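Peer 1: Take this structure first; my questions come after.
Throughout, read-outs are computed from the coordinates displayed, never taken from laboratory work. As the structure is a prediction and not an experimental result, all values here were calculated from the model. Quick reminder, even Gly has a Cβ in these numbers, built from the backbone with ideal geometry, and neighbours come from all protein chains shown.
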Ligand SMILES: Nc1nc2c(ncn2[C@@H]2O[C@H](COP(=O)(O)OP(=O)(O)O)[C@@H](O)[C@H]2O)c(=O)[nH]1
Ligand SMILES: Nc1ncnc2c1ncn2[C@@H]1O[C@H](COP(=O)(O)OP(=O)(O)O)[C@@H](O)[C@H]1O
């Protein structure tokens, strides 16, 4: 079956956290634009070098770059059941995606900015997998190490307070109109909350209208 969704939300609103729960519960492909860009930066690819110049300043990477980048990443996904995280982030990107692919549902996480500022301070990531941790929410079993691989966790350069403020400003100016775009399409679902644990059950029930849950283990 085909099911195509997008998850939206301000920086650190919990897109990655909720997406990982969606993947566990429904077994669909998760494509996170930020994670893919950071892998390119870590590998010092031409894409990574160019994207880094914007990301380190808290600016969005230009639309034409991102549309091409994500179109190529989507081609790598065999399945027609996927969740896009971190893309689209502008009206230009949303229109370009809609041209080639109609979506079934858009999830928008609405989390207060004071919560976001606090979360960013404690965010640690395992770059190769995109797994995220937080000192006050889901700390790794071994401090500083990824639970699955034991590899080092890092804090993102763009998670420092100055850059975060720039990213929030970019979100307000450029990404909030994307929410309106999908509201007009009649496929937007908004989820308000201060924690992922209160948001998750509401997200899960919306997606259950489209997809059967994963069998827990094979009977
Ligand atoms: N305290 C707290 N931290 C959370 C919660 N949900 C996610 N986080 C953490 O907040 C940070 C941002 O979450 P993330 O999923 O990366 O957000 P994204 O930037 O929207 O993808 C990460 O360090 C998460 O571990 C929550 O409910 N409470
Ligand atoms: N769709 C996109 N368009 C433009 N820039 C993007 C996009 N996705 C990611 N980026 C760049 O990568 C940075 C990190 O993205 P992401 O990991 O999604 O941030 P967060 O997890 O904090 O919301 C963004 O601040 C932006 O500079």
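Peer 1: Rounded to the nearest 500, what is the 222 nm mean residue ellipticity of the chain from helices alone, with -39500 (n - 2.57) per DSSP H run of 4+ residues and division by all residues?
Peer 2: The helix contribution divided over the chain gives -13500 deg cm²/dmol.
Peer 1: Here's another thing I want to ask about it. How much length, in nm to one decimal, is gained on full extension between residue 169 and residue 80, taken as 0.36 nm per residue of separation minus their Cα-Cα distance?
Peer 2: Difference between extended and current length: 28.7 nm.
Peer 1: Sticking with this structure for a sec: Fewest Cβ neighbours within 10 Å first, please rank 107, 127 accordingly.
Peer 2: 127, 107
Peer 1: Relative contact order, percent, of region 87-160 when contacts are C-alpha pairs under 8 Å separated by at least 6 residues?
Peer 2: Relative contact order comes out at 23 percent.
Peer 1: Here is a further query. For region 38-121, what class follows from the C-alpha gyration tensor (a ≥ b ≥ c being the square roots of its eigenvalues): rounded when a/c is under 1.5, otherwise prolate if a/b is larger than b/c, else oblate?
Peer 2: Verdict is oblate for region 38-121.
Peer 1: In region 1-138, what % of DSSP beta bridges are antiparallel (nearest 5)?
Peer 2: 25
Peer 1: May I ask you to sort 171, 54 by Cβ crowding, counting other Cβ atoms within 10 Å and putting the fewest first?
Peer 2: Fewest-to-most Cβ neighbours within 10 Å comes out as 54, 171.
Peer 1: If you don't mind, there's one more thing I want to ask. Calculate the FRET efficiency for residue 65 and residue 152 from the Cβ-Cβ distance with a Förster distance of 22 Å, rounded to the nearest 0.05.
Peer 2: According to the calculation, E is roughly 0.15.
Peer 1: At a 10 Å Cβ-Cβ cut-off, how would you order 15, 102, 121, 52, fewest neighbours first?
Peer 2: 102, 121, 52, 15
Peer 1: On to the next question. Under 17 Å from the 7 Å Cα→Cβ point of residue 1, by amide nitrogen: which residues of region 62-81?
Peer 2: 79-81
Peer 1: When only C-alpha pairs under 8 Å and at least 6 residues apart count, what is the relative contact order of region 89-219, in percent?
Peer 2: Dividing the mean separation by the residue count of region 89-219 yields 35 percent.
Peer 1: Mind running the shape call on region 176-218? Use the C-alpha gyration tensor, a ≥ b ≥ c as the square roots of the eigenvalues: rounded below 1.5 for a/c, prolate if a/b tops b/c, oblate otherwise.
Peer 2: Oblate, since a/c reaches 1.5 and b/c is not below a/b.
Peer 1: Same structure, new question: Per residue and in cubic angstrom, what volume does the convex hull of the Cα atoms of the chain have?
Peer 2: Each residue corresponds to 131 Å³ of Cα convex hull volume.
Peer 1: State the antiparallel share, in %, of DSSP beta bridges confined to region 88-219, rounding to the nearest 5.
Peer 2: Here the share of antiparallel DSSP bridges comes out near 60 percent.
Peer 1: Classify region 136-219: rounded, prolate or oblate, from the alpha-carbon gyration tensor (a ≥ b ≥ c, eigenvalue square roots; a/c under 1.5 rounded; otherwise prolate if a/b is larger than b/c)?
Peer 2: Verdict is oblate for region 136-219.
Peer 1: Run the quick spin-label model on residue 56 and residue 183: label points 7 Å from Cα toward the beta carbon, then report their separation in nm to one decimal.
Peer 2: 3.8
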